[in-house]
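Below: one structure, written as structure tokens.
The values are calculated or read from the model by the stated rules, or taken from the named source; none is laboratory data. Not measured: the values here are computed from a predicted model. Cβ sites come from the backbone with ideal geometry, for glycine too, and all protein chains shown count toward neighbours.
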Amino acid sequence: MSTVSYHRPASVAEAARLLAGNHDARLLAGGQSMLPSVRLGLLAPTAFIDLAGIPELQRIRADAKAISIGAMATHAAVAESREVQAQIPALAQVASGIGDRQVRNRGTIGGSLANSDPASDYPAAALGLGATIHTNSRALAADEFFKGLFETALKPGEIISAVSLPVPDRAAYVKFLQPASRFALVGVFVAQFGKTVRVAVTGAGACAFRVKALEDALAKNFAPQSCDGVVVAATRLNSDIHGSAEYRAHLIPVLTRRAVLQALG
Amino acid sequence: MNASRTSLIGRSVERKEDYRFITGAGQYTDDISLPQQSYACFVRSPHAHARIRAIETAAAHAAPGVLAIFTGKDFAAIGGLPCGWLITSMDGTPMKEPKHPVIAEDVVRHVGDQVAIVIADSLAEAKAAAALIEVDYDVLPAVVDTATAARNATAIHSVAPDNICYTWAIGDAAAVDAAFAKAAHVTRLSFINNRLIPNAIEPRAANALYARGDDSYTLYVTSQNPHVERLLMTAFVLGLPEHKVRVVAPDVGGGFGSKIYLYAEECALVWASKRVGRPIKWTAERSESFLTDAHGRDHVTTAELALDKDGKFLALRVDTTANMGAYLSTFASCIPTILYATLLAGQYATPQIYCRVQAVFTNTAPVDAYRGAGRPEATYVLERIVELAARELKIDPVELRRRNFIRTFPYATPVALTYDTGDYEATLKRVLEIADVKGFSARKAASAAKGLLRGIGYSCYIEACGIAPSNIAGALGARAGLYEAGEVRVHPTGKVTVFTGSHSHGQGHETTFAQVVAQMLGIGLDDVDIQHGDTAKVLFGVGTYGSRSLAVGGSAIVKAVDKVIAKGKKIAAHLLEAGDSDIEFVNGEFRVVGTDRKKAFAEVAFAAYVPHNYPLDKLEPGLNENAFYDPTNFTFPAGSYVCEAEVDPSTGVVRIDRFAACDDFGNVVNPMIVEGQVHGGLAQGIGQALREGCAYNSDGQLVTGSFTDYAMPRADDLPQFVVETARGTPCTHNPLGVKGCGEAVAIGSPPAVINAIVDALAGLGVRDVAMPATPYRVWQTIQAAKR
Amino acid sequence: MSEPIRLKVNGKATVVNVPPDTLLSTFLREHLRLTGTHIGCDTASCGACTVLLNGRAIKSCNMIIAQTQGLEVTTIEGITPADGSLHPMQAAFKTCHGLQCGFCTPGMIMSALDLVSHGAHATDSEIREGLEGNLCRCTGYQNIVKAVALGAKAMGR
């Protein structure tokens, strides 16, 4: 008989208390990545702390400068949000392309960011938009959040409550599918804020990262042709049966070009 | 049969079996739970090749809920899993048949090989206990690569020290050499036919029950052929009396070949069910399916085609190395030989063909038939090399095919088959129309304007199916008959239950067979039910594979219906006080020829079961007939395909924009069902060409061990297909004139896709693209061509 | 320990008496014997186990039962009329020959119901994209796409 316990706190504070009391407990957001790992025996938590009972974690709020999305907002909720569609359509597009219909109905933005899967989409969007990740104890810039393979700046016991995403002038996301998992083999999020351009890549490295050469070229001229001739080094990029590091490196400017075209569209 | 009076034959009636599937009322093996149910979990080897030093089971035995644990030692006295086809090597020696133990004895030979079975009250307890079993392995070097297995210093089986199972050949080597010597042109190509994992969406499962009361066993199992499963299991593995074992294949969620075979798990369950005294259920996790279902294809081939100056084929020479995996699966040995090399004539009148096949063992899962089985590999050889020859000779590929078509039938090929009928020009001509080949150049230009490379590819295939004449198969090494059995049981009210040895796992037999019987007996479709998949109900069966169900199983039913009608005529003659020969059976009525005196089918059935006014002195009561049908030849479906693909040279992405198919399946009973088979075959063929490729690393670990790495085609990966079934050339030697349609499209479609990609990339100097043509691989091919 | 888990399954109130980390799919199949929900993989990739949770398609193999607290689950059995007739989407699958072996079919139908209620399904390619979470090995999807379009029409979507 299973001895795993389940908790459904009503507030973030209560969740934090539960988490602090049990180092082998795991927060359950949507569970779409965690439960398969549990099922395959890669993960064996002794307790689940489900964040689904905390209403404020599901809120999506927008003002002219930023959109704040509660950690427990599902991908479907983000994709269908009028505010998101109006203010950052590229973000709605990211959300509508994550996983599949069933995953989008359960998976959450907080869960996705905390997991920092090297091939997931939200990290590229968060990094590309220069998001701020709010936790129960502090605010973290996306630039300092993604630390490595399934590794973030979150400390033990820390809980993401919301992510705040600045509204860009333009943005777009282009995802190149790994043929089997349909995660991003490479995904590129491009955002323009005045004279600043951010280019964030997922799928290609240990975690989402920015590409300075492309950002510089696009800052000079936000046009597709600015990506031509930009060479991304394959060093430290992922390599597997679906694509070598060289292939991924090659795809980054190609997809960035397409994202720029789409952003301008 | 008389098609002119038909209304049910050739009609797309909705399927009788659908209601239970669309309402969730289907009963698949895992849906069946028995009183006192227990559950099994297998401990499997994490290594591709290792010696088992010791197995420590004490902790597992002590775990909660555990009923029993068995290891290879417990099974040592039991037979291995047999191979059903003996192939004889060129030197006259029989193929090497190493024992395939139910549970590994001292050596494991592929990742996933069974090491122990744990049986517990619940599945969770079985799994938990299995995790406590400690196996001490002495890891051995793994043999993985097909091409080099025979040169590998490591031997997987002591009976095959060079890892060679057999070296077999067909055709006249000297005549082929002579033809090559005088050829104006020779086209050569070496390639791999990629290894595939069948992945029926229902995983394999079994539930075995022992009844002490009558010392009998019942096995529910995901099988395409329950009688063959029982025969092999009882006679060769467990040594049980065949009549004491009932095998039921209930609703089965797809097979594609992978559920033909007798697998270790179900043997272990049946054996253990008596020892445990409770029914035992096992259902494969998908990860287990990837590791242990028999895989398909995996050939390494060099082919050479000799042509004269006019582009006429003079000879074909093929050399293939085929991977058998770690053990010989049930039909493994005949796939790359009998079902492969005999297909190398295709639609062409090539006078001389020689093919040599070397089958090797490797430390990978067993390889056996997967949709098409040998024939896709042969078609790929032929349709790629023909396309390449056309390109080298600068002859239009359609024209080159036409120049070499077989046009007179029957036609005896140089590789043992005799095609009874066909019209290859007809399907080719039609597919060129429905594919709008005329519009290709405009579409190519439109693609080019977007920076995309568009190509067109053709494939003209033939298939030998309706497997098989037993005497011919026997002469070629089959250890089983390949007929089919059917029984038509007319009930006293005139309703009919038909029992067939074929098994439906998606093919729609319950509808198609009912159409045939209802039509022949002039009764309603709802008055006929088709029963299949239960050895306790069906007299015998050889099963469903090799596109044989309607051509062979359907013919057996036709024969049985003929017997019912013949007996009915005698009964009617008595009732109508006429001579037997004066009775005709038309539209469900027995009539005295030339009069209005008649008896309805149901009246005659009633008389047979209530024989008060009945010729009991001459005729037995009852109306129940069975028949066995053994075909006199294979059937030869054929067709032509056109694929148009757009390649994005900057990413390597291939998009199939159009795919048109025109097939000749002979007569068609239910066009809707046939079209569904075409769609499914296309998805699997395109899957092989573009997405699916099983990969092991050099240690023998399966890299593509889940749906997240093995790319199954999804809805948005495929185009809308344009398919048409030709009016066709009916098969000349079975009563329905049908040829079979299950495998055809998976056979014919992969080369059309690759030919289209190569055509698209020809301007870059690309001569070949390996399957699966994933974006990464296509991009690599383009980069290599640029260098 | 926490309160008992209560949910509705096919309209019927249900109190759960299994461990909280029991998969929803296991609960449906093994405890309620609703075997129309099928299991085709162990990586939440195939969609055969799809059911509706408060009207939205989810993979029942990828949720633990505790997460359904207070929610409503609908399975293929739950959309099947008791009188032997069919839900319009079920009927469309039959009419269009949108199934062969039937194993993926319940999940496919449940996904289709979510798609036509909450997703874009005006074109064949939108329907194809909308079904990306469900594998079928038999049909090549063509008749499934046709069935979903017909079912949507019959449902007035």
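Table for the structure above
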item: Those strands (runs of 3 or more DSSP E) lying entirely in the stretch A:103-197 with at least 1 residues of a type in the set (G, A, S); result: A:139-141, A:146-148, A:160-166, A:170-177, A:184-193
item: Lone unmet requirement of (1) under 21 Å from A:S37 (Cα atoms); (2) modelled with pLDDT of 95 or more; (3) surrounded by fewer than 23 Cβ atoms within 10 Å (Cβ to Cβ) for C:P19; result: (2)
item: Meets criteria (within 8 Å of another protein chain (Cβ to nearest Cβ) and buried (at least 24 other Cβ atoms within 10 Å of the Cβ)) for B:G685; result: no
item: All positions within the stretch B:124-139 that are more than 17 Å from B:E105 (Cβ to Cβ) and part of a loop (DSSP other than H, G, I, E, B); result: B:A131, B:L132
item: A:R198 being surrounded by 20 or more Cβ atoms within 10 Å (Cβ to Cβ) and either modelled with pLDDT under 95 or at positive phi (or both); result: no
item: Residue check for B:I22: within 28 Å of B:P101 (Cα to Cα), modelled with pLDDT of 95 or more and buried (at least 22 other Cβ atoms within 10 Å of the Cβ); result: no
item: Every residue from the stretch B:453-499 that is in contact with a Phe, Trp or Tyr (Cβ under 8 Å, 6 or more places away or on another chain), of a type in the set (S, T, Y) and assigned to a strand (DSSP E or B); result: B:Y458, B:S459, B:Y461
item: Residue match in the stretch B:250-265 (condition: over 15 Å from the mean Cα position of the chain (by Cα) and β-branched (V, I, T)); result: no
item: Residue match in the stretch A:212-219 (condition: within 14 Å of chain B (Cβ to nearest Cβ), free of Cβ contacts under 8 Å to residues at least 24 places away in the same chain, outside any loop (DSSP other than H, G, I, E, B) and of a type outside the set (S, T, Y)); result: no
item: Filtered residue count, the stretch B:536-567, keeping only those that are surrounded by fewer than 24 Cβ atoms within 10 Å (Cβ to Cβ), touching a Leu at 6+ places or on another chain (Cβ under 9 Å) and over 29 Å from B:E463 (Cβ atoms); result: 2
item: Filtered residues of the stretch C:38-58 (kept if in contact with a strand residue (DSSP E or B) (Cβ under 6 Å, 6 or more places away or on another chain), within 7 Å of another protein chain (Cβ to nearest Cβ) and touching a residue at least 24 places away in the same chain (Cβ under 8 Å)); result: C:T50, C:A57
item: Inter-residue pairs, beta-carbon under 7 Å, first under 17 Å from B:Y340 (Cα atoms) and in the stretch B:78-90, second β-branched (V, I, T) and buried (at least 22 other Cβ atoms within 10 Å of the Cβ), 6+ apart; result: B:G84/B:T330; B:I87/B:T337
item: Tally, over the stretch B:650-682, of residues that are out of contact with any strand residue (DSSP E or B) (no Cβ under 9 Å at 6 or more places or on another chain) and either part of a strand (DSSP E or B) or under 24 Å from A:G243 (Cα atoms) (or both); result: 2
item: Test: residue in the stretch B:373-390 that is farther than 20 Å from B:A689 by Cβ and not aliphatic (A, V, I, L, M); result: no
item: Residue match in the stretch B:236-254 (condition: within 30 Å of B:N755 (Cβ to Cβ) and either out of contact with any His (no Cβ under 8 Å at 6 or more places or on another chain) or in contact (Cβ under 8 Å) with a residue 40 or more places away in the chain (or both)); result: yes
item: C:A44 being touching a Leu at 6+ places or on another chain (Cβ under 8 Å) and either closer than 30 Å to B:V674 by Cβ or at pLDDT 95 or above (or both); result: yes
item: Boolean, C:F103 is facing chain B (nearest Cβ under 7 Å) and in contact (Cβ under 8 Å) with a residue 60 or more places away in the chain; result: yes
item: Helices (runs of 4 or more DSSP H) contained in the stretch A:6-88 and holding at least 2 residues within 14 Å of another protein chain (Cβ to nearest Cβ) and either within 26 Å of A:P156 (Cβ to Cβ) or among the polar types (S, T, N, Q) (or both); result: A:12-20, A:34-39
item: Counted residues, the stretch B:714-738 - those being within 8 Å of chain C (Cβ to nearest Cβ) and touching a residue at least 24 places away in the same chain (Cβ under 8 Å); result: 2
item: C:G84 being at pLDDT below 95 and of a type outside the set (S, T, Y); result: yes
item: Those residues of the stretch C:59-76 which are within 9 Å of chain B (Cβ to nearest Cβ) and out of contact with any Pro (no Cβ under 6 Å at 6 or more places or on another chain), in sequence order; result: C:T75
item: Residues satisfying the stated conditions in the stretch B:153-202, i.e. closer than 30 Å to C:Y141 by Cα and either of a type in the set (S, T, N, Q) or within 14 Å of another protein chain (Cβ to nearest Cβ) (or both); result: B:N193, B:N194, B:R195, B:L196, B:I197, B:P198, B:N199, B:A200, B:I201, B:E202
item: Members of the stretch B:697-712 that are more than 8 Å from chain C (Cβ to nearest Cβ) and either crowded, with 19+ Cβ neighbours inside 10 Å or under 22 Å from the mean Cα position of the chain (by Cα) (or both); result: B:G700, B:L702, B:T704, B:G705, B:D709, B:Y710, B:A711
item: First in the stretch C:1-30 and under 17 Å from A:I49 (Cβ atoms), second anywhere and surrounded by 12 or more Cβ atoms within 10 Å (Cβ to Cβ) and basic (K, R), Cβ under 9 Å, 6 or more apart; result: C:S2/A:R8; C:E3/A:R8
item: Conditions (1) over 24 Å from the mean Cα position of the chain (by Cα); (2) closer than 27 Å to B:V496 by Cα; number of the one not met by B:V669; result: (1)
item: Which listed residue is more than 14 Å from every other protein chain (Cβ to nearest Cβ) and basic (K, R), from A:R182, A:R198, A:R257; result: A:R198
item: Meets criteria (touching a residue at least 60 places away in the same chain (Cβ under 8 Å) and either of a type in the set (A, V, I, L, M) or surrounded by 23 or more Cβ atoms within 10 Å (Cβ to Cβ) (or both)) for B:R297; result: yes
